[in-house]
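What follows is a set of notes on a single structure, which appears directly below.
The values are calculated or read from the model by the stated rules, or taken from the named source; none is laboratory data. Treat the numbers as computed from the prediction; the structure is a model and nothing was measured. In this analysis, Cβ positions are derived from the backbone assuming ideal geometry, glycine residues included, and neighbour counts consider all displayed protein chains.
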Amino acid sequence: MLTELIQDSLGIFIFKGFSALLKPYASGRAKNKLLPVKVMGNTNKEHYFFSDQKYICFLTSCQNAIRLTGVSAYSSRYSRKDFNQHQLLTLLLFKEYLGARYRDFVNLIEIMDIVQEQLHLNEVPHYSTLCKFSKRIPASALNRLFQKACSFMSEWNNSSSVVAIDSSGFTPDSASTYYSIRTGKTRHDYLKTTISVDTTYKSLLSFNITNSRCHDSQIAPSILRASHRVRKSTWYVMDKAYDSERIHQLIHEDLKSQSMIPIRDWHASYVSGKYRQIMASSFDFKIYRRRNMAETVFSILKRLFGETLYSRSHRQ
């Protein structure tokens, strides 16, 4: 279970991950197996087909995922019903896809009649409406949405050959270190993010976010179990930071898979642990090189959306 603070940081990471997962759909490289994109005309009598308009493709994929996730249309029976949760959540995902701020994004939607028609918007919501909705949407709904986005990947199977696990940091503050020191405002520590990646399709399978500097080996068990529930793997590849007999045992005995983790020798004359001894004698560098795919996914996320979280709170 994630702490309340870490649950507050799930939103922005899931929005970024969801947008990155659906990039192939927006560019027309993946085949939509759900609802077809609605064909709509413009003033030039043209039509937007699935492979022609990436924004409409992305919005359709978001609508499919939200509909299949089972998110309720309204959070309360006493809602004013100006907008439903499907519309607001789709707009939030679209905002992350465009990389725009709340005010700029609302101004763009006001001149995008096609997008308003696609989402059945009678009016464009105020930017504060989207901001407040991002605060109150439960993390469990975002997790279900993330898992549904994973299932949209092309040629999806129940198993994968190699899954790589790695961690990186996202800075929850845009101020420079010099400014923080000069003003006396303490700079927030980075949010440590651990992900598991299908190395074949470079798709996210699970993730964990924490603001504490706990060791990688403490986070690995929850990531391994979450990844295994989404997609079973033959090999789990990690770096030396995850070298632990407990992790090897979890992968071999509980998950019924194989581990590929370099051994930390500590300059000792022997290697302790049953599975660590097996790893020391049968390490395969060819399989281990697939671990770089996890770093590639982090690079994609940071190049697309940046490594800084500009929100004033973790929840936003």
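From 232, 240, 256, which residue is among the basic types (Lys, Arg), in contact with a strand residue (DSSP E or B) (Cβ under 7 Å, 6 or more places away or on another chain) and in the same structural domain as residue 292 (by TED's automatic domain parsing)?
Result: 232 is the single residue among 232, 240, 256 that is among the basic types (Lys, Arg), in contact with a strand residue (DSSP E or B) (Cβ under 7 Å, 6 or more places away or on another chain) and in the same structural domain as residue 292 (by TED's automatic domain parsing).
If residue 272 passes every condition in (1) assigned to a loop (DSSP other than H, G, I, E, B); (2) within 19 Å of the chain's Cα centre (by Cα) but one, which one does it miss?
The single condition residue 272 does not satisfy is (2).
Give me a count of the residues in the stretch 201-216 that are in contact with an Asp or Glu (Cβ under 9 Å, 6 or more places away or on another chain) and of a type in the set (Ser, Thr, Tyr).
Final tally of qualifying residues: 2.
Return a yes/no flag: does the stretch 189-211 have any residue that is part of a loop (DSSP other than H, G, I, E, B), modelled with pLDDT of 80 or more, of a type outside the set (S, T, N, Q) and in the same structural domain as residue 239 (by TED's automatic domain parsing).
Checked the stretch 189-211: at least one residue is part of a loop (DSSP other than H, G, I, E, B), modelled with pLDDT of 80 or more, of a type outside the set (S, T, N, Q) and in the same structural domain as residue 239 (by TED's automatic domain parsing).
Within the bounds of the stretch 285-307, is there any residue that is assigned to a loop (DSSP other than H, G, I, E, B) and under 30 Å from residue 102 (Cβ atoms)?
yes
Could you identify the single residue in 272, 233 that is polar (S, T, N, Q) and loosely packed, with under 14 Cβ neighbours inside 10 Å?
272
Collect the residues in the stretch 65-81 that are surrounded by 13 or more Cβ atoms within 10 Å (Cβ to Cβ) and in contact (Cβ under 8 Å) with a residue 40 or more places away in the chain, keeping them in residue-number order.
Residues satisfying the conditions are 65, 66, 68, 69, 71, 75.
What's the number of the only condition in (1) at pLDDT below 80; (2) farther than 23 Å from residue 305 by Cβ; (3) of a type outside the set (Phe, Trp, Tyr) that residue 162 fails to meet?
For residue 162, the failing item is (1).
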